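To start, the structure itself, in structure tokens.
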Amino acid sequence: MPPNGLAAVLKQPPHMVDDLHVSKVRGGTPPSDSGVTLIELIVTLSLGGILMAISVFGMRSYLMSNREAGTANGIRSALRNASESSLSQGRTYCVYFTSTTWTVYKSDCTVAANKLSGPFKVDDPSITLGSVSFPAAGDPMPSVPGETTACPTTRQCAYFYPRGTALPGGLQVTRSGKTYTLHVEGLTSRVSMA
């Protein structure tokens with residue numbers, strides 16, 4: 001159809017009028033291809049890759065922090081359960097610590113048959129249990145008279161006694177950049193975390 005002006009185009013039946021001729025008559029440019037160029041695709045994928053890389057590193061840090069908090073909460077829970085169980089059942093409980101595990105015993109930490117649960121491991125290899133310090137037999141700081149303090153490794157056992165008392169002491173859950181300190185009070189066997 002020759003472009004004779006707007007009047008000629010408007011006289012055509014609707015199915016005969018195409019966008020190219022209407023745009024020429026109105027003085028516009030022909031419609032362009034609505035596809036995506038290769039440059040646009042590369043830029044979009046590059047920006048998406050950068051955003052994903054940033055989010056992966058942020059997520060890794062977040063997960064590490066949660067694993068450390070989970071380990072500290074797990075230890076606090078084990079200590080509190082041992083304290084409550086010793087009081088309610090009328091028997092001594094012990095929690096034995098290594099640098100990466102903790103195990104709960106009834107009565108004495110040196111007898112394997114007394115093992116109640118564990119060993120539980122830390123949630124991540126970069127997390128360690130450090131500064132474990134509970135009194136041992138013969139320490140200048142007296143332990144609870146008449147109660148056992150036997151431990152496979154000196155100063156690594158937290159004891160809870162049926163009278164509602166405990167060996168006072170504490171430990172730290174550590175990874176680079178953050179430390180949780182758990183403390184056991186001797187007189188009340190209260191377990192706190194800071």
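Listed values, structure above:
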quantity	calculated
Extension gain, Glu84 back to Thr128 (0.36 nm per residue minus Cα-Cα distance, nm)	13.3 nm
Extension reserve of the Ser61-Ile42 stretch, reckoned as 0.36 nm per residue once the Cα distance is removed	3.9 nm
In order through segment 155-160: 3J(HN,Hα) via Karplus (6.51 cos²θ - 1.76 cosθ + 1.60), integer Hz, x for Gly, Pro	6, 10, 10, 9, 9, 10
Lys178/Thr153 FRET efficiency (R0 45 Å; Cβ-Cβ; nearest 0.05)	0.95
Descending principal axes extents, segment 40-193, alpha-carbon based, whole Å	79, 29, 25
Residue-wise HN-Hα coupling along segment 86-99, computed from phi with Karplus coefficients 6.51, -1.76, 1.60 (Hz; x: Gly, Pro)	5, 6, 6, 9, x, 9, 7, 10, 9, 10, 9, 10, 10, 6
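Each value in this text was obtained by applying a stated rule to the coordinates, not by laboratory testing. The shown structure was predicted, so the numbers you read here are calculated from the model rather than taken from an experiment. A quick note on method: Cβ atoms are made from the backbone with ideal geometry, for glycine too, and the neighbour counts reach across all protein chains shown.
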